[in-house]
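Novice: What follows is a structure written as structure tokens; I'll ask about it next.
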Amino acid sequence: MGDTAEQIDALVIGAGPAGLMAAEELAGAGRRVVVAEAMPSPGRKLLMAGKSGLNLTKDEPIAPFLSAYAEARDWLAPMLTGFGPAQVSDWAEGLGQSLFVGSSGRVFPKAMKASPLLRAWLGRLHGLGVTLRLRWRWTGFEDGALVFATPEGPRRLAPGVTVLALGGASWSRLGSDGGWAPHLAARGVQIAPFRPANMGFRVAWSDHMRAHFGQPVKGVALMAGGQSLRAEFVISARGVEGGGIYALSRLLREGAPLTLDLAPDRDLAALAAKLAGRGKESLTNRLRKAGLSPVLIALAQEVARPLPRDPAELAARLKALPLPLAGPNPLDEAISVAGGIGHAALTDRLELRALPGVFAAGEMLDWEAPTGGYLLTACLATGRWAGRAAAGR
């Protein structure tokens, strides 16, 4: 390893949304910026998110938007107020991206994919003089310098200011593996344990359900921990996943039982009347005539075997069907994570108290939010905040 560390003005580690936004703020303030990225190309998780439609933000007033961040709301509020849904949309349009708002209020580029936005963004950063060093993996501190494993061997950098934006601990194949945590913990930075967020859950299905793997479950209400919502989810070979499950994932992760209402548009009496049947009519036929789809019938038969034949008892079972979960899917498969650098370890400027001159942003921080535009907006907002603070230090 070379004995002399390379002196640079401003360093950003991580070329995801938070890191690129920090680099944009630093460069816009006249700082000479180097972005070090461990992967062969930037923005890999952003590109993966865009494969199913890049949900940039949520078009709603700032008060309900902030409520999605639960206990992190108060300390994130200045950042999200300064760069919330309206500002994210303006920023994306400034990069040449035409946007539209979906029926749920979610904001997407009309191109749907992330690649056009990322290309335009990288072009802007190049024009600002930002240098991108790929395959540079941060391996810790040494004698006041930051050490990297690079294709040319170990390298050491001594920046004037540093912004860390290395992501959380999910999707390691895209670069977010949480490998940074021991380096900071060794320097006295408080790190909350990582936990999966916005993830699926395991269910021990019988062979009876095999024919329904991959099918969406629609027209139901999901209930957990005192919350209820109408949303879809998907039956997978290992359990359940999708929007409805992700929205309740924090409550489910913390042990709240999941209950399904398979007929949320009918009260008990109306559903019981539909289930009355005639003579020796089969239960399956009665369920079908009551409006249940094949996948809902299969789900009821799987979870509540044997189903009661009495219409009132059957209706009660269908409107409060407990779905036993066997725990969350692995952390590395979660869309996002809870845990990371605790609020107490940071100043209001997102500077690490234990490491003056080093700032942190994005999913490295200990906050949690649902899908629907909240994740990306907070990454951009915290990256902007940290970049501005670092630029002025």
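The values are calculated or read from the model by the stated rules, or taken from the named source; none is laboratory data. For clarity, every value in this text was computed on a predicted model and none was experimentally measured. No Cβ is skipped: glycine too gets one built from the backbone with ideal geometry, and neighbour counts run over all protein chains shown.
Novice: Among the residues that make up the range 35-53, is at least one of them surrounded by 24 or more Cβ atoms within 10 Å (Cβ to Cβ), closer than 14 Å to residue 383 by Cα, among the hydrophobic types (A, V, I, L, M, F, W, C) and assigned by TED's automatic domain parsing to the domain that holds residue 157?
Specialist: Checked against the condition, which is being surrounded by 24 or more Cβ atoms within 10 Å (Cβ to Cβ), closer than 14 Å to residue 383 by Cα, among the hydrophobic types (A, V, I, L, M, F, W, C) and assigned by TED's automatic domain parsing to the domain that holds residue 157, the range 35-53 yields at least one hit.
Novice: Kindly indicate which of 258, 248 is over 20 Å from residue 317 (Cβ atoms), aliphatic (A, V, I, L, M) and in contact with a Leu (Cβ under 8 Å, 6 or more places away or on another chain).
Specialist: 248
Novice: Can you tell me which of 311, 322, 330 is in contact with a strand residue (DSSP E or B) (Cβ under 8 Å, 6 or more places away or on another chain), under 30 Å from residue 280 (Cβ atoms) and of a type outside the set (Gly, Ala, Ser)?
Specialist: 322
Novice: Quick one: count up the residues across the range 60-114 that are within 16 Å of residue 21 (Cα to Cα), touching a Ser or Thr at 6+ places or on another chain (Cβ under 9 Å) and part of a loop (DSSP other than H, G, I, E, B).
Specialist: So the count comes out to 2.
Residue by residue, here is whether (1) in contact with a Lys or Arg (Cβ under 7 Å, 6 or more places away or on another chain); (2) of a type in the set (A, V, I, L, M) holds:
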position	(1), (2)
66	yes, yes
69	no, no
83	yes, no
106	yes, no
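Novice: It is to be established whether one or more residues within the range 198-211 are in a strand (DSSP E or B) and either within 29 Å of residue 391 (Cβ to Cβ) or at pLDDT 95 or above (or both).
Specialist: Yes.
Novice: Among the listed residues 312, 326, 298, 316, which satisfies the condition of being part of a loop (DSSP other than H, G, I, E, B) and surrounded by fewer than 23 Cβ atoms within 10 Å (Cβ to Cβ)?
Specialist: 326
Novice: What pairs can you find where one residue is in the range 32-59 and under 18 Å from residue 146 (Cβ atoms), the other is surrounded by fewer than 21 Cβ atoms within 10 Å (Cβ to Cβ) and of a type in the set (Gly, Ala, Ser), and their Cβ atoms are less than 9 Å apart, with a gap of 6+ or different chains?
Specialist: Partner pairs satisfying both residue conditions: 32/129; 33/129; 38/149; 38/179.
Novice: Considering 281, 333, which residue is more than 30 Å from residue 86 (Cα to Cα), charged (D, E, K, R) and within 18 Å of the chain's Cα centre (by Cα)?
Specialist: 333
Novice: Something else: Just the residues that are over 20 Å from residue 391 (Cα atoms), of a type outside the set (A, V, I, L, M, F, W, C) and part of a loop (DSSP other than H, G, I, E, B), please, taken from the range 2-44.
Specialist: 2, 3, 4, 40, 41, 42, 43
Novice: Which of (1) assigned by TED's automatic domain parsing to the domain that holds residue 280; (2) surrounded by 14 or more Cβ atoms within 10 Å (Cβ to Cβ) does residue 352 not meet, given it meets every other one?
Specialist: Only one criterion is unmet by residue 352, namely (1).
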